[in-house]
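Everything below concerns the one structure shown next.
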Amino acid sequence: MSTLETALSYAQDHKETFLNDLISFLKIPSISTLPEHKKDMEIAAQWVASQLEKLSFDDVAIMPTAKHPVVYGSWMKAGSQAPTLLVYGHYDVQPVDPIDLWKTNPFDPQIRDEDIFARGASDMKGQIVAHLKAMEAILQSSHLPVNIKYMIEGEEEIGSPNLEAFLEQNGDLFQCDFCLNADSGILGADIPSLTYALRGLAYFEIRLQGPSTDMHSGIFGGAVVNPGNILCDLISGLKDDDYKVTLPGFYDDVLPLTDDEREELAKLPQPEDWWLMQSGANALDGEKGYTATERATARPTLDVNGLYSGFIGEGSKTVLPAKAMAKISMRLVPDQRPDQVKQSLETYLAERVPPAISWELEDLSSCTPGIIDRDSDAVKAASRALESVWGKSPLFKREGGSVPVVGFIKDILGVNSLMLGFGLPDDNLHAPNEKLHLPNFFRGIETFIRFMYEIAG
């Protein structure tokens, strides 16, 4: 029996033990945003560290940050010719509110049919345990065929505020050939898929100041510049009739979709009516010349997220506002950069805001987009592993959302991230009754086992 077959057999024979370990992890209320759970965060970090110690990983450490620690461990015995993987994950979870909508205690895991219900089951304790148990199965059978480093953080659910500085301080420790990010999912229980690109984010607040105070619109209207009107005009000018963003140079660095990519995206089970059903919208619209899937996952966007000016209470108040504010977000695609689009927005405002109005632009949040070549060794190895387990080739998809850590790892460590996880769209992430589909938990373990041998080969 080969070492791969031995590892797979071990995983099959230890399903009950693996599930019990998952349950023990899910019982820890590691809610990173609530101060009263600080001790639980420490317990969860120790749980992960103890798992690595049981696997005889080297240099296992709970490394402090300004808030919650990062768990580190390494297994570097495969030799210098073998690839080195950085496995990323997070042990923190979202709050459970509203608690009254949960059918069972969110930290008392319950199995119903083929799903296990608990906060963090899918996002992402189940994914972490699946990878750890894959490593256990291999190590009980032989040696790991690759070198591995773990970086399991405790702040992902609050935006990873300290991870960038942590990586900059410890970059040498985390040097690798690529990152395996298990904080991911597939399109359906029987639809294996791989996310090969993520959009980035640039989020701004625009503030306009006109008169020194709100004024009577009957007395001053028509004589004084109204910042509310100016803001509306500015927003209206940010897109043209074809819904293209008008900021200077906005599309200069956009990596175009290839014909092959468009064919792959067209295979996804997301036709136009799917987007209508999911959104509850009456109609779809957006940049001309692209499908809804392409617009929502593979093209850059600019959207208003919030507006405020003057009187917005019930009833009427004839006021000419002194101030106006808008929150604007842009989803970026490879190879756009947040600093470049900020410069474009500043240029736009400098050219369009009249002299009677002063303006400020605040950078609220940003992260770079990410992409990994579908012809890379990592993607090919993951594809073969998924096909071996599911019996069908995976679909390739792009995500419209942003994952800041992918950008940090690319910018600081200089490597790409492979998104390989097994959550489902209906797992109720961040919502009551979060769940993990157990057949996919065990399929995930097998996939991780096969992937390690595929990438080593």
Inset, instruction - Return the distance in nm (one decimal) between the two label points of a simple spin-label model at Gln140 and Thr33, each offset 7 Å from Cα along Cα→Cβ. - result: 3.8
Legend entry - Gap separating the Cα centres of the stretch 1-69 and the stretch 77-138, nearest whole Å: 9
Inset, instruction - Note the direction-averaged projected area, equal to a quarter of the hull surface, for the Cα convex hull of the stretch 1-139, in nm². - result: 10.1
Inset, instruction - Report ³J(HN,Hα) in whole Hz for each residue of the stretch 386-397, in order, from the Karplus equation J = 6.51 cos²θ - 1.76 cosθ + 1.60 where θ = phi - 60°; Gly and Pro get x. - result: 4, 5, 5, 7, 8, x, 8, 5, x, 8, 9, 9
Legend entry - Gained length - Ser56 relative to Phe311, 0.36 nm times residue gap less alpha-carbon distance: 85.4 nm
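With a ≥ b ≥ c taken as the square roots of the eigenvalues of the C-alpha gyration tensor of the stretch 13-55, please select rounded if a/c is under 1.5 and otherwise prolate if a/b is larger than b/c or oblate if it is not?
oblate
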Inset, instruction - Note the angle between two axes, namely the Cα long axis of helix 3-13 and the longest principal axis of the Cα atoms of the chain, as a number of degrees from 0 to 90, rounded to the nearest 10. - result: 80
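Let me make sure I get this right: for the stretch 59-159, a, b and c are the square roots of the gyration tensor eigenvalues over alpha carbons, sorted descending. Under 1.5 in a/c it's rounded, otherwise prolate if a/b > b/c, else oblate. Which is it?
Details: a/c = 3.52, a/b = 1.65, b/c = 2.14.
Oblate shape, in that a/c is at least 1.5 and b/c is the bigger or equal ratio.
Treat the count of other C-beta atoms within 10 Å as a stand-in for reagent exposure and order Cys176, Cys367 from fewest to most.
Numbers: Cys176 19, Cys367 25.
Neighbour counts put them in this order, fewest first: Cys176, Cys367.
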Inset, instruction - Figure the gain on full extension for Val224 and Glu351 (residue separation times 0.36 nm, minus the Cα-Cα span) and round it to one decimal in nm. - result: 43.7 nm
Inset, instruction - Under 14 Å from the Cβ of His37, count the other residues' Cβ atoms, weight Lys and Arg +1, Asp and Glu -1, and hand me the total. - result: -2
Inset, instruction - Sort the chain into rounded, prolate or oblate with this rule: let a ≥ b ≥ c be the square roots of the eigenvalues of the Cα gyration tensor; rounded if a/c is under 1.5, and if a/c is not under 1.5, prolate when a/b is larger than b/c, oblate otherwise. - result: prolate
Legend entry - trypsin sites (Lys or Arg not before Pro) restricted to DSSP loop in the stretch 367-457 with at most 12 other C-beta within 10 Å: Lys392
Inset, instruction - Count the net charge of all other residues whose Cβ sits under 11 Å from the Cβ of Ser365, scoring Lys and Arg as +1 and Asp and Glu as -1. - result: -2
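Of Lys149/Lys410; Lys239/Lys342; Lys54/Lys133; Lys15/Lys133; Lys38/Lys410, which sit over 19 Å apart, Cα to Cα? If you can, show how the numbers build up before the last one.
Values: Lys149/Lys410 16 Å; Lys239/Lys342 16 Å; Lys54/Lys133 11 Å; Lys15/Lys133 10 Å; Lys38/Lys410 30 Å.
Beyond 19 Å: Lys38/Lys410.
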Legend entry - Efficiency of FRET between Asp285 and Asp113 - r from beta-carbon atoms, R0 41 angstrom, step 0.05: 0.55
Legend entry - Given 16 as the ceiling on other Cβ atoms within 10 Å, longest exposed-site-free region of the chain for GluC sites (Glu not before Pro) in DSSP loops: 115-286
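Where a number appears in this text, it was derived from the coordinates with a stated rule and is not lab data. This structure is a prediction, so every number in the text was calculated from the model and none was measured. Cβ: placed from backbone, ideal geometry, glycine included. Neighbour counts: every protein chain shown.
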